[in-house]
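Comments concern the structure below.
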Amino acid sequence: MEQLSTGILGQNVKKGLNFTWSTQAILFCAIIIACVGLNVDSPPIVIGAMLISPLMAPVVGIGYGVGNRDPKILARSTRLLLIQVTVAVVGATIYFFISPLNATSAQLLARTEPTLWDVLIAIVGGFAGVISSAKKDGGNIVPGVAIATALMPPLCTVGYGISHLNSTFILGAGYLFLINVFFIALSTAIGTIFFRVRSGEKLNVPFKQRMLILVISIIIIIPSSISAYSIVHKSYIDTELSEFIDAKMGDQYIAKQSISGKQIDLSVIGRRLNDQEIENLNKSLKDYHLGDYQLNLKQLTKGNYITPKEFQSYIKQTGEKDAIQGNTSSTDTDSSSAGLTNTSTDSQSKKLQVIQTGLSDKYAKLIANIYIGKVKDQSNTSKEVMMIALTKKGQNSRSKIENSAAKLAKEQKINPVVQFMNLN
């Protein structure tokens, strides 16, 4: 049976607490690599940075110092951690201050809202780390713990917040780092005490010390528990809202969806709904556990048409600056009339172009322009869309053109959203 001992644990912990310029240089390199990964939204780069980071050593050292009641190790580990945190934050701040990429990536945002799951990962990861450190050959467990608990990215995000003077990023990421450090150290301390008891030592942890650790743990956990509840609640509301939309608004294309407080905002393209229908939709919310919410419907269509101005407004709202391509063969209008352009050449776009050309050739005198392309729906999924602008002569031929568009779409085996635009 493999031997686990406090002696091996102590040797491995002390080995990682050497304060050398090379260790700090490695840390600085790791923090820059992590910053680049967060900046360009690349998880593999961030993982690589965490693998070479020496940040785990002082955290484990703090836990070992507490569990072994060794003030020298505790002071040494704490001092080293403070130095490394300073080096990391300064390095990250300098990088993000000079970086030409100012957009907030998903990787950065992910470090600003810690939850109860981060606490669980830190606790379990800490136990795995202390068990590994108590083995003669720790294998690759410690690097895995470093990746799972993610000490580096939160410090990078703090640097991003400082460079952009954004307190949300500083406090959120700082709190995540605190969670990881505290609970990794706590797990290490508990593991150290366990190994000491296992080796035959009689320990008497003072009641005040146990209560202090318990109180601090609860205080640190509370905000993450609130955040976890918010995430679960939001997920539940989103699911109920999706079911409501599928059941009650199946004939509408949801261009934009958001929830603010107790108000549900939907921007839709499709058949114009009257006041009574909107009121009925609001009453139906209670059937989907959304009775406390108020539906605010923004209909982008005017009568049976959508205007270029309304559609351009939608494009700006969703950030799809290059979502739609106009029919450049048209002489009455051009794609700039709606402020919409695109150069996409994937297979779906080519199929749309076939439909666009077919309709333009068949109804040259009835169609002023056809805009084709893609937009994103409420689930962030791309959807093909075709906006047809009719001439004055073609206003009474809408049904005929719509049937032709549906037939051509069926031949191309796609199902685009087809909507008519009013150029007036």
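A few points about this structure:
- Looking only at residues in the stretch 18-41 that are open to solvent by less than 30 Å² (accessible area, probe 1.4 Å) and among the small types (Gly, Ala, Ser), the one that is farthest from ARG76 (Cα to Cα) is GLY37.
- Flag if LYS234 is open to solvent by 50 Å² or more (accessible area, probe 1.4 Å), touching a Phe, Trp or Tyr at 6+ places or on another chain (Cβ under 6 Å), charged (D, E, K, R) and free of Cβ contacts under 8 Å to residues at least 60 places away in the same chain: no
- Meets criteria (modelled with pLDDT of 90 or more, touching a Cys at 6+ places or on another chain (Cβ under 6 Å) and open to solvent by less than 30 Å² (accessible area, probe 1.4 Å)) for ALA88: no
- Consider the stretch 108-127 and keep the residues that are among the β-branched types (Val, Ile, Thr) and open to solvent by less than 70 Å² (accessible area, probe 1.4 Å). The one that is farthest from the chain's Cα centre (by Cα) is ILE123.
- The residues of the stretch 191-236 that are among the basic types (Lys, Arg) and over 20 Å from LEU120 (Cβ atoms), listed by number, are ARG196, ARG198, LYS202, LYS208, ARG210.
- Members of the stretch 291-308 found to be at pLDDT below 90 and surrounded by 15 or more Cβ atoms within 10 Å (Cβ to Cβ), listed by number: LEU297, GLN299, LEU300, THR301, TYR305, ILE306, THR307, PRO308
- Of the candidates GLY125, GLY144, GLY129, the single residue that is modelled with pLDDT of 80 or more and assigned to a helix (DSSP H, G or I) is GLY125.
- Breaking point among (1) small (Gly, Ala, Ser); (2) at pLDDT 85 or above; (3) more than 29 Å from PHE244 (Cα to Cα); (4) touching a strand residue (DSSP E or B) at 6+ places or on another chain (Cβ under 9 Å), for ALA409: (3)
Yes or no, residue by residue, for (1) assigned to a helix (DSSP H, G or I); (2) within 21 Å of ILE94 (Cα to Cα); (3) among the β-branched types (Val, Ile, Thr):
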{"position": "GLY159", "(1), (2), (3)": "yes, yes, no"}
{"position": "GLY174", "(1), (2), (3)": "yes, yes, no"}
{"position": "ILE179", "(1), (2), (3)": "yes, no, yes"}
{"position": "SER187", "(1), (2), (3)": "yes, no, no"}
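- Filter result for ASP265 (in a strand (DSSP E or B), modelled with pLDDT of 85 or more and not aliphatic (A, V, I, L, M)): yes
- The set of residues from the stretch 391-418 being open to solvent by 60 Å² or more (accessible area, probe 1.4 Å), small (Gly, Ala, Ser) and in contact (Cβ under 8 Å) with a residue 40 or more places away in the chain is empty.
Every residue, every condition in (1) within 30 Å of GLY7 (Cα to Cα); (2) buried (at least 24 other Cβ atoms within 10 Å of the Cβ); (3) β-branched (Val, Ile, Thr), yes or no:
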| site | (1), (2), (3) |
| --- | --- |
| CYS156 | no, yes, no |
| SER167 | no, no, no |
| ALA185 | yes, yes, no |
| SER199 | yes, no, no |
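- The set of residues from the stretch 237-256 being open to solvent by 50 Å² or more (accessible area, probe 1.4 Å) and assigned to a strand (DSSP E or B) comprises just one member, LYS256.
- Residues that are at pLDDT 60 or above, closer than 23 Å to GLY270 by Cβ and not in a loop (DSSP other than H, G, I, E, B) do occur in the stretch 330-350.
- Test result for PRO54, within 19 Å of GLN84 (Cα to Cα) and not in a helix (DSSP H, G or I): yes
- Meets criteria (within 30 Å of SER399 (Cα to Cα) and assigned to a helix (DSSP H, G or I)) for GLN276: yes
- Subset tally (residues that are of a type in the set (A, V, I, L, M) and more than 19 Å from SER163 (Cα to Cα)) for the stretch 67-94: 7
The values are calculated or read from the model by the stated rules, or taken from the named source; none is laboratory data. Predicted model only: the values in this text are computed from it and were never measured. Methodologically, a virtual Cβ is constructed for each residue, glycine included, from the backbone with ideal geometry; neighbour enumeration extends over all protein chains shown. Protein only, heavy atoms only, side chains kept; ligands, DNA and RNA dropped before computing areas. Shrake-Rupley method; radii C 1.70, N 1.55, O 1.52, S 1.80 Å.
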